[in-house]
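Encoded as structure tokens, the structure appears first; notes follow it.
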Amino acid sequence: MKEIKAKDVTATVARLCKEANFFLGEDVLAALKKAREEEESPVGRQILDQILENADIAAKEEMPLCQDCGLAIVFLEIGQDVHITGGDLYEAIDEGVRQGYSEGYLRKSAVDQPFSARVNTKDNTPSIIHSEIVPGDKLKIIVAPKGGGSENMSRFTVLKPAQGRQGVIDFVVSAVEEAGSNPCPPTIVGIGIGGSAEKAMILAKKALLRTVGEPSPDMEVAVLENELLRRINTTGVGPGGVGGRITSLAVHVETYPAHIASLPVAVNLQCHSARHKEADL
Amino acid sequence: MERITSPISTDIIEKLRAGDQVLISGVIYVGRDAAHKRLIETLDKGEQLPFDIQGQTIYYMGPSPTKPGHVIGSAGPTTSGRMDAYTPRLLSVGLRAMIGKGLRSEAVKEALKKHRGVYLAAVGGAAALIAKSITKAQTIAYEDLGPEAILRLEVKDFPAVVINDMYGGDLYQEGKAQYQIRA
């Protein structure tokens with residue numbers, strides 16, 4: 001049994017909110033540089049230059065990479081031998097979001113009564129927390145701020161099992177193509193195949209946390225990821241949607257067994273400002 | 001890369017074509033969803049808009065908070081499509097240019113032709129870079145809307161690309177078609 005203080009959770013979440021919004025991951029930067037090398041469209045190349053220069057300025061000046069500092073999506077892996085002391089775990093996380101978004105001069109984008117009054121909660125809470133109980137005595141916290149532009153292009157469907165692999169490809173490619181310039185391409189495409197409706201979408205979101213371009217350990221899935229990326233990059237959408245070869249930097253697919261009657265497919269798009277930072281307590 | 005001044009003159013609007021890259025200097029106004037709704041309500045009541053919209057440029061943006069010693073926080077474009085419902089009306093009363101990101105409706109593209117306007121895109125997510133081109137920012141209306149208040153910005157070499165011109169040109173369509181590979 002390991003004791004972790006709630007106030008340490010708060011301090012960690014606050015730090016991760018700021019770091020995620022200021023510092024783009026090395027994997028994302030490497031993928032953007034590779035895209036800059038490969039892109040054929042002159043305007044597309046200029047857009048990639050601006051994106052890379054932006055990441056540089058944000059890191060140096062500790063300014064948000066994007067004015068949309070997102071909703072705070074938090075993934076927890078809670079070791080079953082961990083005991084949180086001195087407060088409520090979810091409260092501690094929200095307090096961390098509150099502090100991080102205030103101290104970092106990050107935009108607060110959460111509104112309550114979303115279908116009517118849409119009143120800004122002023123501190124970017126509540127966060128959206130997905131927790132998993134795992135073996136061990138560690139608490140892993142991943143903070144993944146998610147902007148509205150890409151999240152609004154999410155898609156979900158339940159295909160007929162007979163539609164199979166080709167059905168998945170057609171659905172995903174059309175989702176990315178129809179989203180066009182809206183999700184701020186070049187995107188990272190998170191896909192969840194299988195499970196139930198909510199499971200598929202959580203898989204799609206979790207797929208975005210993988211190191212950019214790292215293939216699935218399942219060979220058949222890795223081949224599907226490759227084919228999807230190749231197809232997506234023939235749509236011509238390009239950086240910023242102005243036309244070009246690089247519409248997406250990577251496609252990450254996560255799968256889960258499904259019902260005999262169902263083939264759920266969820267698509268969660270991530271803009272090029274692919275922000276997530278993590279810590280182990 | 002062509003340097004242009006905002007408010008953008010009709011001569012310049014006539015010269016701009018989808019795909020042109022420009023650096024904008026001068027004055028632009030910032031407004032997004034809530035401010036647009038209120039501008040239209042003001043017009044519906046037959047009242048004066050809070051700024052003279054003749055020939056002006058509106059930038060769809062909601063900045064992050066300003067750090068001490070800075071002019072403005074990160075300041076990249078938001079998705080323009082959410083303003084589509086309000087845009088033709090504003091073009092009809094004098095608005096000439098908009099800067100945002102993402103696809104516009106057919107109604108907006110028609111209104112750009114009819115009222116001789118232009119839609120430009122800034123790079124979504126290049127918010128810290130864009131902030132560098134903003135030399136002055138002041139709230140001029142709807143302060144109660146917080147990050148959605150109307151701001152007047154002075155900009156120097158603000159980078160943008162023409163998406164929709166007054167002749168029906170559409171870079172999102174033309175650019176995509178140019179690089180599309182059909183199996």
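Tell me, which residue of segment A:258-271 that is touching a Gly at 6+ places or on another chain (Cβ under 8 Å) and more than 17 Å from A:Lys205 (Cβ to Cβ) is most open to solvent (accessible area, probe 1.4 Å)? Within segment A:258-271, the match that is most open to solvent (accessible area, probe 1.4 Å) is A:Ala258. Considering A:Ser273, A:Ser248, the condition of being within 14 Å of chain B (Cβ to nearest Cβ) and within 24 Å of A:Leu76 (Cβ to Cβ) is satisfied by A:Ser273 alone.
Among the residues making up segment A:38-67, those that are touching a Ser or Thr at 6+ places or on another chain (Cβ under 9 Å) and at the interface with chain B (Cβ under 7 Å from one of its Cβ atoms) are A:Ile47, A:Ile51, A:Asn54, A:Ala58, A:Met63, A:Pro64, A:Leu65, A:Cys66, A:Gln67.
Of the residues making up segment A:246-257, those that are closer than 20 Å to B:Gly102 by Cβ and open to solvent by 10 Å² or more (accessible area, probe 1.4 Å) are A:Ile246, A:Leu249. Among the residues making up segment B:6-42, those that are in a loop (DSSP other than H, G, I, E, B) and of a type in the set (Lys, Arg) are B:Arg17, B:Arg32. B:Ile134 passes every criterion in (1) open to solvent by 10 Å² or more (accessible area, probe 1.4 Å); (2) within 30 Å of B:Gly69 (Cβ to Cβ); (3) not aromatic (Phe, Trp, Tyr) apart from (1). Residues in segment B:82-89: is at least one open to solvent by 40 Å² or more (accessible area, probe 1.4 Å) and within 14 Å of another protein chain (Cβ to nearest Cβ)? Yes.
Is one or more of the residues making up segment B:64-77 at pLDDT 95 or above, among the hydroxyl-bearing types (Ser, Thr, Tyr) and in contact with a strand residue (DSSP E or B) (Cβ under 7 Å, 6 or more places away or on another chain)? No, there is no match, as no residue in segment B:64-77 is at pLDDT 95 or above, among the hydroxyl-bearing types (Ser, Thr, Tyr) and in contact with a strand residue (DSSP E or B) (Cβ under 7 Å, 6 or more places away or on another chain). Does any residue of segment A:167-177 turn out to be open to solvent by less than 10 Å² (accessible area, probe 1.4 Å), within 14 Å of chain B (Cβ to nearest Cβ) and polar (S, T, N, Q)? There is no residue in segment A:167-177 that is open to solvent by less than 10 Å² (accessible area, probe 1.4 Å), within 14 Å of chain B (Cβ to nearest Cβ) and polar (S, T, N, Q). Residues in segment B:90-102: is at least one within 14 Å of chain A (Cβ to nearest Cβ) and open to solvent by 10 Å² or more (accessible area, probe 1.4 Å)? Yes: one or more hits. What's the number of the only condition in (1) at pLDDT 95 or above; (2) under 20 Å from B:Lys37 (Cα atoms) that B:Leu171 fails to meet? Only one criterion is unmet by B:Leu171, namely (2).
Scanning segment A:108-148 for residues that are within 14 Å of chain B (Cβ to nearest Cβ) and touching an Asp or Glu at 6+ places or on another chain (Cβ under 7 Å) returns A:Lys108, A:Ser109, A:Val119, A:Thr121, A:Gly147, A:Gly148. The set of residues from segment B:159-177 being within 12 Å of chain A (Cβ to nearest Cβ), within 18 Å of the chain's Cα centre (by Cα) and charged (D, E, K, R) comprises just one member, B:Asp170. Taking the criterion of being surrounded by 19 or more Cβ atoms within 10 Å (Cβ to Cβ), touching a Phe, Trp or Tyr at 6+ places or on another chain (Cβ under 9 Å) and away from chain B (no Cβ under 14 Å), the residues of segment A:194-242 that qualify are A:Gly195, A:Ala200, A:Met201, A:Leu203, A:Ala204, A:Lys205, A:Lys206.
So that you can scan it fast, the table gives a plain yes or no per residue for (1) hydrophobic (A, V, I, L, M, F, W, C); (2) out of contact with any Cys (no Cβ under 8 Å at 6 or more places or on another chain); (3) surrounded by fewer than 18 Cβ atoms within 10 Å (Cβ to Cβ):
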position	(1), (2), (3)
A:Val111	yes, yes, yes
A:Pro114	no, yes, yes
A:Ala117	yes, yes, yes
A:Val158	yes, yes, yes
A:Asn182	no, yes, no
A:Thr187	no, no, no
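Is there a residue in segment A:240-251 that is in a helix (DSSP H, G or I), within 29 Å of B:Tyr179 (Cα to Cα), touching a helix residue (DSSP H, G or I) at 6+ places or on another chain (Cβ under 8 Å) and at pLDDT 95 or above? Yes, segment A:240-251 has at least one match.
Only a single criterion out of (1) in contact with a Lys or Arg (Cβ under 9 Å, 6 or more places away or on another chain); (2) open to solvent by 60 Å² or more (accessible area, probe 1.4 Å) is not satisfied by B:Glu143, namely (1).
Within segment A:129-152, not a single residue is more than 26 Å from B:Ile72 (Cα to Cα) and assigned to a helix (DSSP H, G or I).
The values are calculated or read from the model by the stated rules, or taken from the named source; none is laboratory data. Predicted, not measured: the structure shown is a model, and the values here were computed from it. As a convention, Cβ positions derive from the backbone with ideal geometry for all residues, glycine included, and neighbour counts pool all protein chains shown. Ligands, DNA and RNA are stripped out before the accessible areas are found, and what is left, the full protein with its side chains, is counted by its heavy atoms. Shrake-Rupley method; radii C 1.70, N 1.55, O 1.52, S 1.80 Å.
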